[in-house]
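S.K.: Quick one: the structure is below, questions incoming.
The values are calculated or read from the model by the stated rules, or taken from the named source; none is laboratory data. Since this is a predicted model, take the numbers as computed values, not measurements. Glycine also receives a Cβ, built like all others from the backbone with ideal geometry; neighbour counts cover every protein chain displayed.
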Amino acid sequence: MIPLPGPKLPPAKRRILIIDDNSGVRATLERYIKLIGHDVVLTKSGEEGLRLLEGSAPDLILLDISMPESDGLAILRTLHDKYADLRVIMLADTADIPKAHIALNCGAGDYITKPVDLPAIKRLLQIHLPNR
(Lines give C-alpha, C1' and ligand atoms only; values in the text may rest on other atoms or scores of the structure.)
Protein backbone atom coordinates (compact mmCIF):
# COMPACT_ATOMS: atom_id res chain seq x y z
CA MET A 1 0.00 0.00 0.00
CA ILE A 2 1.30 3.45 -0.89
CA PRO A 3 0.98 5.97 1.94
CA LEU A 4 -1.05 9.05 1.12
CA PRO A 5 0.45 12.41 1.92
CA GLY A 6 -1.02 13.94 5.03
CA PRO A 7 -1.79 17.56 5.66
CA LYS A 8 1.25 19.80 5.58
CA LEU A 9 2.12 20.81 9.12
CA PRO A 10 3.23 24.37 9.88
CA PRO A 11 6.89 24.79 10.82
CA ALA A 12 7.59 24.22 14.50
CA LYS A 13 7.66 27.35 16.63
CA ARG A 14 11.10 27.81 18.16
CA ARG A 15 12.36 29.85 21.09
CA ILE A 16 15.07 32.39 20.29
CA LEU A 17 17.04 34.23 22.99
CA ILE A 18 18.38 37.63 21.92
CA ILE A 19 21.22 39.03 24.03
CA ASP A 20 22.12 42.57 22.92
CA ASP A 21 22.63 45.82 24.84
CA ASN A 22 21.08 47.88 22.02
CA SER A 23 17.33 48.20 22.62
CA GLY A 24 16.71 49.13 18.97
CA VAL A 25 18.43 45.98 17.72
CA ARG A 26 16.52 43.87 20.25
CA ALA A 27 13.18 45.41 19.22
CA THR A 28 13.83 45.03 15.48
CA LEU A 29 14.91 41.40 15.83
CA GLU A 30 12.03 40.61 18.18
CA ARG A 31 9.39 42.00 15.78
CA TYR A 32 10.86 40.19 12.79
CA ILE A 33 11.44 36.84 14.47
CA LYS A 34 7.91 36.86 15.90
CA LEU A 35 6.60 37.76 12.43
CA ILE A 36 8.23 34.65 10.97
CA GLY A 37 6.64 32.51 13.65
CA HIS A 38 9.01 32.04 16.58
CA ASP A 39 8.93 32.93 20.26
CA VAL A 40 11.46 35.48 21.48
CA VAL A 41 13.08 36.15 24.85
CA LEU A 42 15.10 39.36 25.25
CA THR A 43 17.87 40.49 27.54
CA LYS A 44 20.45 43.26 27.43
CA SER A 45 23.32 41.47 29.18
CA GLY A 46 25.22 38.24 28.88
CA GLU A 47 24.96 37.53 32.60
CA GLU A 48 21.17 37.83 32.50
CA GLY A 49 21.13 35.59 29.43
CA LEU A 50 23.07 32.93 31.34
CA ARG A 51 20.59 33.18 34.23
CA LEU A 52 17.67 32.75 31.83
CA LEU A 53 19.23 29.53 30.55
CA GLU A 54 19.04 27.96 34.00
CA GLY A 55 15.25 27.76 33.67
CA SER A 56 14.85 26.61 30.10
CA ALA A 57 17.25 26.57 27.18
CA PRO A 58 16.19 28.25 23.93
CA ASP A 59 16.61 26.61 20.54
CA LEU A 60 19.06 29.31 19.42
CA ILE A 61 20.77 32.44 20.77
CA LEU A 62 21.57 35.66 18.94
CA LEU A 63 24.46 37.10 20.97
CA ASP A 64 26.07 40.54 20.67
CA ILE A 65 29.84 40.14 20.57
CA SER A 66 30.52 43.50 22.24
CA MET A 67 28.43 44.82 25.13
CA PRO A 68 29.45 47.36 27.79
CA GLU A 69 28.94 45.00 30.72
CA SER A 70 29.62 41.69 28.98
CA ASP A 71 32.30 40.31 26.70
CA GLY A 72 30.31 38.39 24.11
CA LEU A 73 33.21 36.03 23.43
CA ALA A 74 33.48 35.18 27.15
CA ILE A 75 29.73 34.54 27.27
CA LEU A 76 30.05 32.37 24.14
CA ARG A 77 32.81 30.32 25.76
CA THR A 78 30.66 29.80 28.87
CA LEU A 79 27.69 28.80 26.70
CA HIS A 80 29.81 26.35 24.73
CA ASP A 81 31.26 24.82 27.92
CA LYS A 82 27.87 24.41 29.65
CA TYR A 83 25.54 23.88 26.68
CA ALA A 84 27.68 22.43 23.89
CA ASP A 85 24.71 21.64 21.62
CA LEU A 86 23.14 25.10 21.88
CA ARG A 87 23.35 27.03 18.65
CA VAL A 88 24.66 30.61 18.83
CA ILE A 89 24.86 33.27 16.13
CA MET A 90 27.08 36.24 16.95
CA LEU A 91 25.97 39.81 16.21
CA ALA A 92 28.71 42.40 15.63
CA ASP A 93 28.88 46.13 15.00
CA THR A 94 31.66 45.70 12.43
CA ALA A 95 33.05 43.00 10.19
CA ASP A 96 36.06 42.18 12.37
CA ILE A 97 37.54 39.11 10.68
CA PRO A 98 39.86 38.11 13.56
CA LYS A 99 36.96 38.33 16.07
CA ALA A 100 34.69 36.40 13.72
CA HIS A 101 37.34 33.68 13.41
CA ILE A 102 37.70 33.52 17.21
CA ALA A 103 33.91 33.36 17.65
CA LEU A 104 33.58 30.50 15.18
CA ASN A 105 36.43 28.63 16.88
CA CYS A 106 34.73 29.15 20.26
CA GLY A 107 31.54 27.46 19.10
CA ALA A 108 29.48 30.10 17.30
CA GLY A 109 27.54 28.72 14.38
CA ASP A 110 27.68 31.99 12.46
CA TYR A 111 28.58 35.68 12.61
CA ILE A 112 26.55 38.56 11.17
CA THR A 113 27.12 42.31 11.24
CA LYS A 114 24.72 45.09 12.22
CA PRO A 115 22.63 46.68 11.01
CA VAL A 116 21.16 43.23 10.65
CA ASP A 117 19.82 42.20 7.26
CA LEU A 118 16.50 40.61 8.28
CA PRO A 119 16.22 38.18 5.34
CA ALA A 120 19.76 37.03 6.22
CA ILE A 121 18.60 36.42 9.81
CA LYS A 122 15.73 34.30 8.46
CA ARG A 123 18.18 32.24 6.37
CA LEU A 124 20.51 31.78 9.35
CA LEU A 125 17.61 30.63 11.53
CA GLN A 126 16.58 28.13 8.85
CA ILE A 127 20.14 26.82 8.67
CA HIS A 128 20.91 26.66 12.39
CA LEU A 129 17.65 25.74 14.10
CA PRO A 130 17.52 22.05 14.93
CA ASN A 131 14.97 19.98 13.05
CA ARG A 132 12.16 18.55 15.11
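S.K.: What residue, among those in segment 26-52 that are of a type in the set (A, V, I, L, M, F, W, C) and over 13 Å from the mean Cα position of the chain (by Cα), is farthest from I89 (Cα to Cα)?
M.R.: First, the residues of segment 26-52 that are of a type in the set (A, V, I, L, M, F, W, C): 27, 29, 33, 35-36, 40-42, 50, 52.
Now drop any that are not over 13 Å from the mean Cα position of the chain (by Cα), which leaves 27, 35-36, 50, 52.
Numbers: A27: 17, L35: 19, I36: 17, L50: 15, L52: 17 Å.
Here the residue is L35.
S.K.: Filter segment 46-79 for residues that are in contact with a helix residue (DSSP H, G or I) (Cβ under 9 Å, 6 or more places away or on another chain) and among the small types (G, A, S) and give the result.
M.R.: G46, G49, S66, S70, G72, A74
S.K.: Taking the residues in segment 1-22 that are over 16 Å from the mean Cα position of the chain (by Cα) and closer than 30 Å to A92 by Cα as candidates, determine which candidate is modelled with the highest pLDDT.
M.R.: The extreme case among them is A12.
S.K.: Quick one: which of L104, L124 is more than 11 Å from L62 (Cβ to Cβ) and either without any contact (Cβ under 8 Å) to a residue 40 or more places away in the chain or out of contact with any Pro (no Cβ under 8 Å at 6 or more places or on another chain) (or both)?
M.R.: L104
S.K.: Having 1 or more residues that are in contact with a strand residue (DSSP E or B) (Cβ under 6 Å, 6 or more places away or on another chain), farther than 25 Å from K13 by Cβ and small (G, A, S) is the bar; report the strands (runs of 3 or more DSSP E) wholly within segment 41-132 that clear it.
M.R.: Where strands (runs of 3 or more DSSP E) fall fully within segment 41-132 and carry at least 1 residues being in contact with a strand residue (DSSP E or B) (Cβ under 6 Å, 6 or more places away or on another chain), farther than 25 Å from K13 by Cβ and small (G, A, S), they are 87-92.
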